1. Suppose we filter A:I364, A:I389 for residues that are within 13 Å of chain B (Cβ to nearest Cβ), at pLDDT 90 or above, in contact with a Gly (Cβ under 8 Å, 6 or more places away or on another chain) and crowded, with 23+ Cβ neighbours inside 10 Å; which single one remains?
2. Which of the following residues is part of a loop (DSSP other than H, G, I, E, B) and touching an Asp or Glu at 6+ places or on another chain (Cβ under 8 Å): A:S575, A:S549, A:S544, A:S562?
3. What strands (runs of 3 or more DSSP E), lying completely within the range A:143-262, carry at least 3 residues that are surrounded by 15 or more Cβ atoms within 10 Å (Cβ to Cβ) and not aliphatic (A, V, I, L, M)?
4. Return a yes/no flag: does the range B:152-170 have any residue that is modelled with pLDDT under 90, out of contact with any Leu (no Cβ under 6 Å at 6 or more places or on another chain) and away from ligand 2 (no atom under 16 Å from the Cβ).
5. Looking at (1) in the same structural domain as A:R88 (by the TED database); (2) among the small types (G, A, S); (3) under 24 Å from the mean Cα position of the chain (by Cα), which is the only condition A:S298 fails?
6. Answer yes or no as to whether B:A136 is assigned to a helix (DSSP H, G or I) and within 14 Å of ligand 1 (Cβ to nearest atom).
7. Among the candidates B:E149, B:E106, B:E85, which residue alone is away from chain A (no Cβ under 14 Å) and in a helix (DSSP H, G or I)?
8. Between a residue in the range A:43-65 that is touching a residue at least 60 places away in the same chain (Cβ under 8 Å) and more than 14 Å from every other protein chain (Cβ to nearest Cβ) and any residue that is outside any loop (DSSP other than H, G, I, E, B) and not hydrophobic (A, V, I, L, M, F, W, C), which pairs come within a Cβ distance under 6 Å, given they are 6 or more apart or on different chains?
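The values are calculated or read from the model by the stated rules, or taken from the named source; none is laboratory data. Just so it is clear, the model here is predicted, and its values are computed rather than measured. A quick note on method: Cβ atoms are made from the backbone with ideal geometry, for glycine too, and the neighbour counts reach across all protein chains shown.
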Amino acid sequence: MSESGSDGGKWLDAHYDPVASLYTFSSCVDLADLSGDGESRLVVGDLGSGSSGMKLKVFRGTALMSESTLLDLPAGLVAFFMDLHEPRIPAVAVASGPCIYVYKNLRPYFKFTLPSLEVNTLEQDVWQQVREGQIDPPTLKEMLESIRMKADVPLSVRSLRFLSLDTSDMGEYVQLHKQQPIRRQTVITCIGTLKKSTADEDGVSCLVIGTECSDVYILDPEAFIVLYKMSLPAAPTLMDVTGQYDVEFRITVACRNGNIYILRRESDKPKYCIELASHPVGLVRVGKIVVVGCADESLQGFTQKGKKLWRIVLPAPIITMAAMDLPTRGFQAVLVGLANCEVQLYREKNLLSTIKTPDVVTSICFGRYGREDGTLIMTTKGGGLMVKILKRTAVFDDRDSSAGPPLAQSVRLNVPKKTKLYVDQTLRERENGLAMHRAFQMDLSRLRLAAAKAYVKALESSLTPMSSSLTEPLKMNAVVQGLGPSFKLTLNVQNTAACRPVMNLAVSFLYDENLYRMRNPYMRIPLLVPGLIYPIETFVECTSDRGISDIIKVFILTKGRSSPLLTAHINMPVSEGLTLN
Amino acid sequence: MGLFDKLAGWLGLKKEVNVLCLGLDNSGKTTIINQLKPTNAQAQDIVPTIGFSIEKFKTSSLSFTVFDMSGQGRYRNLWEHYYKEGQAIIFVIDSADKLRMVVAKEELDTLLNHPDIKHRRIPILFFANKMDVRDALSSVKVSQLLCLENIKDKPWHICATNALKGEGLQEGVDWLQDQIKTMRT
Ligand SMILES: Nc1nc2c(ncn2[C@@H]2O[C@H](COP(=O)(O)OP(=O)(O)O)[C@@H](O)[C@H]2O)c(=O)[nH]1
Ligand SMILES: [Mg+2]
């Protein structure tokens, strides 16, 4: 019972039974207060494994409360109020094959069979002849095959099965079936509910069923007669119903031809059509938005008139989808079970949270279970049952995952108000703009002149610490160390040429001989390899104890030239110590 | 005489003790409180409390404030106002509702971490109620699922009860009485 990290601790793990042997889809799961005690039960149409073990199972809390055998694979299951009797206990309708089995108080109550379809007259004639012994099985086969090729009314299941038999089994099959009348029946592909006349939670509902032969029927819940029949261009597979039969309703169906059709009360033909680029695998309506999951790993939103609103790409193929509706908090979103063992929660196109599951989830149902309104029930591919409860403190924030202007763009900058000073200055600048510009230009010219003069002077007297000679490009700086009276003077000389060495240089010092004494005021500089820094050291003795200092001039000289290459003025520090002699 | 009346009598208390009775909806709070009320005040029919309800009543020495923590926490901030005044807590758990044990734990953790409760050494009495229901969890199992052993800084006690018959309530009330006595001395 720990919190999983990826969903941000929004769900409490109430129950997980990995071996519940529940094999089902979202269309066969519902939640309903089947005992009228305020505690909702989980009703599941279990498909079992293989062709056996189909069961109607009811769970209460963590325990299986009851189970009963189903005769055929369930295609859909809904709980609905079929009458106004007290106490208000809903019935359960299980659609399988051509029938709807209605259970009340968990006991079989009524069986509704779809009206049979028109039988091909030629087919009927052929079987009539068989009955009269006029044709043998091989001729029957031939004739049925030719009917199948060109007839507009398809063959019955009996004839189709006959055609698939081996020649040796045909005789026996004909003997067994020839006396019974031929019937053609369709099967139910999806089921939904439609409130009859009130939108109340416990209002009486009609059943809405979609069939393999592309029809949609609305059934009266009490008399079980067909109230309304509508036709579609293809067989429906997924269905959503909203509204009330007596007022206005809307049936949204996803069909096997890859289209979604929207049926309205006033017409028995689809009113709107959404053509999808990929086959629909999930259909959920959230308020007025139809959310469709497609086989190309996308989730798409449409208006109820079929206008496309958005499309997002999912990280994995969709296995199942369900609505998450929490009226107490006004929260509506879509849960999408993916093949990568994740269940993602989307509000419109924004991903709100992701639940990681130990197995692929095949059915999702969200609603009130037991006494808890926000319960999420999932069953897995391996037959597991998982129950999570939404924390009462959980909040989902809408992070907009789609590309667009960043959030910071809409944040207003805190620009301070214009002060009086600011306004005055602006006015002054506006009025005296010309004079200010002229003054500025004049000062700038003066500055440039002063700089140029200083530069020329420096060049003339070789005062720069950079040599301007092209053949001997040199750089020098000087460091004085010591407190006095003895100082160490280090000159760092560098040849800045790219590859040419510099030779025949010397260094000489000029200073006041009353103040300073130098060990060697003239030194030769070795060959300077380009790039390296050569430290040239000498010692200076201050001979005065009057606490004064002077400048020492350094010259770098080259053989055969009277003017120095470089000049540096060193401001000597005042000697702090006393002369020893 | 109701149980708390007796308790107050033994202690000879003058001042009231404010006891908060908390727990999920349908855990049996109303039924328990009804058993503890002075005999003449005991109501016969108990309707399940829906949404938010506060019930206050007094015996000669103890004052009760009862809350239902139900629904999606819409009223949480309302009942939290009463935490400050509480000097003892009775936390009721439906031991037959295994599915919602996590919800009870979540509510308990939220309660224990509330600033008005967290740093106070107030005694907590747990009633693992509905022990008569078939398949109900034992009080040991309930305390395991709620991780009660992690409550280190408050005295606590758990007992299995059947509020319909009043079984087990006495033991809990005796414990609470001792705690209140030591608190006062
Ligand atoms: N079997 C059983 N039922 C109980 C017990 N205590 C309370 N109940 C029932 O549980 C339901 C809810 O009780 P209630 O006191 O209204 O719970 P509250 O919502 O916490 O106030 C009522 O139907 C009570 O009769 C008990 O110990 N055993
Ligand atoms: Mg109550």
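1. Values: A:I364 fails: within 13 Å of chain B (Cβ to nearest Cβ).
Going through A:I364, A:I389 in turn, the sole match is A:I389.
2. On the way: A:S549 fails: touching an Asp or Glu at 6+ places or on another chain (Cβ under 8 Å); A:S544 fails: touching an Asp or Glu at 6+ places or on another chain (Cβ under 8 Å); A:S562 fails: touching an Asp or Glu at 6+ places or on another chain (Cβ under 8 Å).
Just a single option satisfies the conditions, and that option is A:S575.
3. Numbers: elements: A:188-195, A:205-211, A:215-219, A:226-231, A:236-244, A:248-255.
Passing ranges, in order: A:188-195, A:205-211, A:236-244, A:248-255.
4. Kept after step one, since they are modelled with pLDDT under 90, are these residues of the range B:152-170: B:170.
Those still in the list that are out of contact with any Leu (no Cβ under 6 Å at 6 or more places or on another chain) too: B:170.
From what is left, the residues that are away from ligand 2 (no atom under 16 Å from the Cβ) are B:170.
Yes, some residue in the range B:152-170 is modelled with pLDDT under 90, out of contact with any Leu (no Cβ under 6 Å at 6 or more places or on another chain) and away from ligand 2 (no atom under 16 Å from the Cβ).
5. Unmet condition: (1).
6. Values: assigned to a helix (DSSP H, G or I): no; within 14 Å of ligand 1 (Cβ to nearest atom): yes.
Judged against the criteria, B:A136 is not a match.
7. When all the criteria are applied, what remains is B:E149.
8. These pairs meet every condition: A:V44/A:K57.
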